[in-house]
Amino acid sequence: MSQVKVERGDTVLEARGITKRFPGVVANDHIDFEIKAGEIHAILGENGAGKTTLMKILFGEYQPDEGEIYIAGKPVNFRSCLDAIDRGIGMVHQHRKLVPAHSVIENIILGHPRAGKILNIKRAENEINELCQKYGFNIDLKAKVWQLSEGEKQIVEILKALYRGAEILILDEPTSALAPTETEKLLESIEAMAKDDLSIVPFITHKLAIVLAISDRVTVLRRGKVVSTVDTTEATERSLAMEMVGREVIFRLKRTEVEKGETILEVENLSALSDKDILALNGVSFSISEGEIFGIAGIAGNGQNELVEVLAGLRDLERGKIRLDGQDITQKTALERWKLGIGYIPSDRIHVGSIADFSLVENTTMNYYFDGDYQLQGSLDYEKIRALTEEIIAEYDVQTPGPETTAKSLSGGNLQKLILARVLSRKPRLVIAHLPTQGLDIGATEFVRNKLMEAKKDKTGILLISEDLDEVLSLSDRVAPIYEGKFMDIIPGEQVKRESVGAMCAGIYLDEDEP
């Protein structure tokens, strides 16, 4: 297993001159990077800056075109991930690599040499429970993965790496899909790992507040190069943002006042079941007008997903009515709703919002294949859609070698820009934006928010569902905190208070907020 033998504070892993090229792009350009024993070293950078590529090289998933890697001062050559694991490196990817139908313990020991030819589940359970107690993880090892929250799935991924003997643990966006309480617990566990002599934690994230709160040092990448490495105590959110983007970044947009027009969407007493046949959405009513952003704030799992899917035509409702421009669309299909002017930006840009192996042109086609203006003699007018895709790439600054590039080759921020552009380019009456900036870097987040504000100025109605409270409060004309499938209140934007909205998201009314 691991051969890492260093004292706390010594350099345990070092990368020198790492360079990695892909067609049309240099992902890593002579990067130098080091990790010390027992430290939390954060890596920042915009989507596409080269963070994940570098970590995949350190984990043996990619091989560098140039450069060397050293562990405890000795050069190593990783031909595969197994080589990295054998040297004590573990990686928790941003996108889960779990088997949903299997239990937690089955996922942890799956493919592990220690399991042997005959599984000793009891021994494995005891060993994993020791890890849980050591680092403060609370999880049911017998539960099926599909039953777990995002935070619990993240714990399973970390336990997989630790059970394989990881002493250098690479976490790629570990909190991007977690609720605030789950994030807090995970950070406590990460700090416990860093205090352990065997735990060295590089930490890749876009969340600057978390970086400043938990890390010892931070390295900033921009366009594949190291911009700086500083002690976190010497950094601020503003200084890190400027290093990442290369310019001043607006953290909090000022809500644009637009005169409201006619009512676009009317929702009356909407209720729906979850995938587990439990009432997840319970009697929700609201409306959205032209030029209005209606924001829903809440912790994940309180009915937001069910509401979005019901409105988009992807989930059956139990009761209620939905009207678009006065027309009852309750029984309309998703395609019929698209044609009537509903645009949908899903929270899962990879599995729902795009098809990974399709080109950008083909992914753009997903929102235009039914449009007669993009058909030619009964077939798709490919050249016209290709021209549209090129316009989208230029207007939305999608960083890509060209329109024939596959969606899976794009960074998260660039893929989100493509999906956003594909929806907004149709000039929809209503946009459903579900977690539109989740997992995006600062620059991409600013870009997406500005585009939503531009759509608002064009009299588009926008339903914004976000777990970023600051995002909801800064963009929304009205805010609805949601808890256990119900709106706690609907508050005009100029009257919202962060503390009271945050309390309502936890099901609590502060005294002055009792409706």
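Quick look at the values:
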{"quantity": "Members of the stretch 141-155 that are among the hydrophobic types (A, V, I, L, M, F, W, C) and either closer than 13 Å to A101 by Cα or surrounded by fewer than 18 Cβ atoms within 10 Å (Cβ to Cβ) (or both)", "calculated": "A143, V145, W146, L148"}
{"quantity": "Hits in the stretch 436-474 (condition: of a type in the set (A, V, I, L, M, F, W, C), surrounded by 23 or more Cβ atoms within 10 Å (Cβ to Cβ) and within 23 Å of L240 (Cβ to Cβ))", "calculated": "L440, I442, A444"}
{"quantity": "Residue within the stretch 251-264 that is farther than 28 Å from Y509 by Cα, of a type in the set (A, V, I, L, M) and modelled with pLDDT of 95 or more present", "calculated": "yes"}
{"quantity": "Restricting the stretch 335-364 to residues that are part of a loop (DSSP other than H, G, I, E, B) and among the polar types (S, T, N, Q), the residue that is surrounded by the most Cβ atoms within 10 Å (Cβ to Cβ)", "calculated": "S354"}
{"quantity": "Sole residue being over 21 Å from K20 (Cα atoms), in contact with a strand residue (DSSP E or B) (Cβ under 7 Å, 6 or more places away or on another chain) and among the charged types (D, E, K, R), chosen from R87, R123, R96", "calculated": "R87"}
{"quantity": "Enumerated strands (runs of 3 or more DSSP E) restricted to the stretch 12-130, each holding at least 2 residues that are free of Cβ contacts under 8 Å to residues at least 60 places away in the same chain and more than 22 Å from the chain's Cα centre (by Cα)", "calculated": "66-71, 74-76"}
{"quantity": "Tally, over the stretch 272-285, of residues that are within 25 Å of I462 (Cβ to Cβ) and in contact with a Leu (Cβ under 8 Å, 6 or more places away or on another chain)", "calculated": "6"}
{"quantity": "G461 closer than 25 Å to T175 by Cα and modelled with pLDDT of 90 or more", "calculated": "no"}
{"quantity": "Residue within the stretch 401-418 that is within 23 Å of the chain's Cα centre (by Cα), at pLDDT 90 or above, surrounded by 13 or more Cβ atoms within 10 Å (Cβ to Cβ) and in a loop (DSSP other than H, G, I, E, B) present", "calculated": "yes"}
{"quantity": "Single residue of V211, V308, V218 found to be under 24 Å from D470 (Cβ atoms), of a type in the set (A, V, I, L, M, F, W, C), outside the structural domain of H30 (by TED's automatic domain parsing) and within 21 Å of the chain's Cα centre (by Cα)", "calculated": "V308"}
{"quantity": "Every residue from the stretch 365-390 that is exposed (fewer than 14 other Cβ atoms within 10 Å of the Cβ) and either touching a Gly at 6+ places or on another chain (Cβ under 8 Å) or charged (D, E, K, R) (or both)", "calculated": "D373, E383"}
{"quantity": "Sole residue being over 22 Å from K384 (Cα atoms), outside any loop (DSSP other than H, G, I, E, B) and assigned by TED's automatic domain parsing to the domain that holds E467, chosen from K332, K321", "calculated": "K321"}
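The values are calculated or read from the model by the stated rules, or taken from the named source; none is laboratory data. Being a predicted model, the structure only gives us computed values, none of them experimental. Because the Cβ atoms are built from the backbone with ideal geometry, glycine has one as well, and the counts that use them run over all protein chains shown.
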